[in-house]
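The structure appears below as structure tokens.
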Amino acid sequence: MAEGDQLFARFGRTFEPGDVLFREDEAGTTMFVIQAGQVRITKAAREGVKTLAILGPGEFFGEMAILNAKPRTATAEALTALRVLVIDAKTFSQMVVSNAEIAVRLITKLSRRLDAANALIEVLMHRDPKARVILGLCRQAEMIGKPQDDGSVLVPITPTDFAADIGLTVEETDDVLVRLRRLHIVQQDDRGFVVGDVQRLQEFLEFLEMREKFGDL
């Protein structure tokens, strides 16, 4: 039996699309490692439910509840058919102590999470909807973007989830996206948003900021 199958036989569980693995504010005694499928991590906010991340195979989540013994800070829901390893606090501690690679991966993930939090703060600090949409797309492209054969990046997120992520209404978000589509910077289909060139998207934001600062000279 392969190592992955052995681990699944010992720690594995399966979930169907829409199943909730845990809810925000619940006590947490386990963490999860994704073997196959996708998980959406969400958090309740004043304007509705905000998508924090969409995670795929090889990623882990839920570890903070067993590291700090505090309630869950978010909700985890299966987006697709899901296979995960469910690790309790004792097993996790043993794995970190005995396996340096796991410890390094944990530190790296916590560092990435801090970077993501800082990026979200930067997005939400902007009052200008155009800046929020562009920075939000850049953030999501980095977090969950899937490079395409033509050099573009697919961001698999719904308009509703994206609007909630950046703290705008769907209408406010779409007003900006219409302009980006006209400029052929961003396209949209049933898979999500397709960013033709992330660097061009960032340059367009710089152009808007310069114009706002100096006006039409």
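A few notes on this one:
- Counted by neighbouring Cβ atoms within 10 Å, the residues Met31, Met143, Met95 run from fewest to most as Met95, Met143, Met31.
- Cα convex hull of the stretch 127-214, projected area averaged across orientations, nm²: 5.4
- Pairs from the table (Lys50/Lys70; Lys50/Lys146; Lys90/Lys146) lying more than 28 angstrom apart at Cα are Lys90/Lys146.
Throughout, read-outs are computed from the coordinates displayed, never taken from laboratory work. Please read these numbers as outputs of a predicted model, since none were measured by experiment. Counting neighbours? That spans all protein chains shown, and the Cβs are built from the backbone with ideal geometry, glycine included.
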